Amino acid sequence: MSEITNAFRNLAFLIPKNDVVNAKPIISGLIILFITVTLFAQNPSIYDPTITPTVTDQQIAAWGHTSPDKSGITVLDFEGLSDMDAIKEFYNGGTSNNGFTGTNYGVSFSEHAVGIISNEAGGSGNFSNNPLGNTVLFFPSSAPYMNVADGFNTELSFYYASSGEIQIEIYDGLNGTGTLLASKSFPETPEIFTVWEQASILFEGSAKSVFFSGPTNSCGFDAITLGQTHAVPVSKQAFLISLSLMLVFIFIKSRRIL
């Protein structure tokens, strides 16, 4: 931030001295520029508009065919979407905004949910090291909803990278309606867009929509998983109680034998 401040101080010579009329528009322009640069420095973008994508439709289609099979567990890796492609009905038997089709999981997204491909794979995404493939979800404007018409239970898990705090809300109705089943915040991640943190939310009931919010154009999501993928961890206290009961049972049985 100090470097930005010093740079604008060096531009002070542009402001006419003793000329209020001509100085006002220059000062206003410098203020707007300062705010814009400051916001960009604070919230680096996951999308780089200066990059011209080189990825081909053939490559995109090939990535889509290698999506993971989790034996009934729905895992959204966003492979098979083109660069800067609104997801929409891609996972719901329809197509994305650019006409691509994925596995029909009965999952749809609001229009602000967009797939973006890493610049390392020929896309315009300013990220790397995401857990699955080359494509992630992000939102360049308003925060999106994910709808699951048939619902899912127990857990939502995913990986994310973000320049600021993100918020996840899970509802039992479509489009963020009905009862709020769970809500949880997660902190910004280190080494933005190169380190992806795993996160999960447990809930009761059947969820039909998820609301993703965070810094616009500055957070990404990958490997969104619907349903429980691992056993619920048993607390140390419960484990010790179970072990004690088992030892007592073994002791009693051995006494009877003797």
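The values are calculated or read from the model by the stated rules, or taken from the named source; none is laboratory data. Remember, predicted model here, so these are calculated numbers, not experimental data. Cβ coordinates were reconstructed from backbone atoms using ideal geometry, including for glycine residues, and neighbour counts include every protein chain displayed.
Computed quantities for the displayed model
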read-out	value
Members of segment 103-124 that are of a type outside the set (S, T, N, Q), surrounded by 17 or more Cβ atoms within 10 Å (Cβ to Cβ) and assigned to a loop (DSSP other than H, G, I, E, B)	Tyr105, His112, Ala113, Gly122, Gly123
Criterion (closer than 26 Å to Gln58 by Cβ, in contact with a Gly (Cβ under 6 Å, 6 or more places away or on another chain) and among the hydroxyl-bearing types (Ser, Thr, Tyr)) met by exactly one of Tyr105, Tyr91	Tyr91
Ala199, sole failed condition from (1) over 18 Å from the mean Cα position of the chain (by Cα); (2) at pLDDT 95 or above	(1)
Positions within segment 165-212 being crowded, with 18+ Cβ neighbours inside 10 Å, among the hydroxyl-bearing types (Ser, Thr, Tyr) and part of a strand (DSSP E or B), in sequence order	Tyr171, Ser209
Condition check for Leu81: farther than 13 Å from Gly220 by Cα, hydrophobic (A, V, I, L, M, F, W, C), crowded, with 18+ Cβ neighbours inside 10 Å and within 14 Å of the chain's Cα centre (by Cα)	no
Among the candidates Phe152, Phe127, Phe90, Phe100, residue that is in the same structural domain as Ile201 (by TED's automatic domain parsing), outside any loop (DSSP other than H, G, I, E, B) and among the aromatic types (Phe, Trp, Tyr)	Phe152
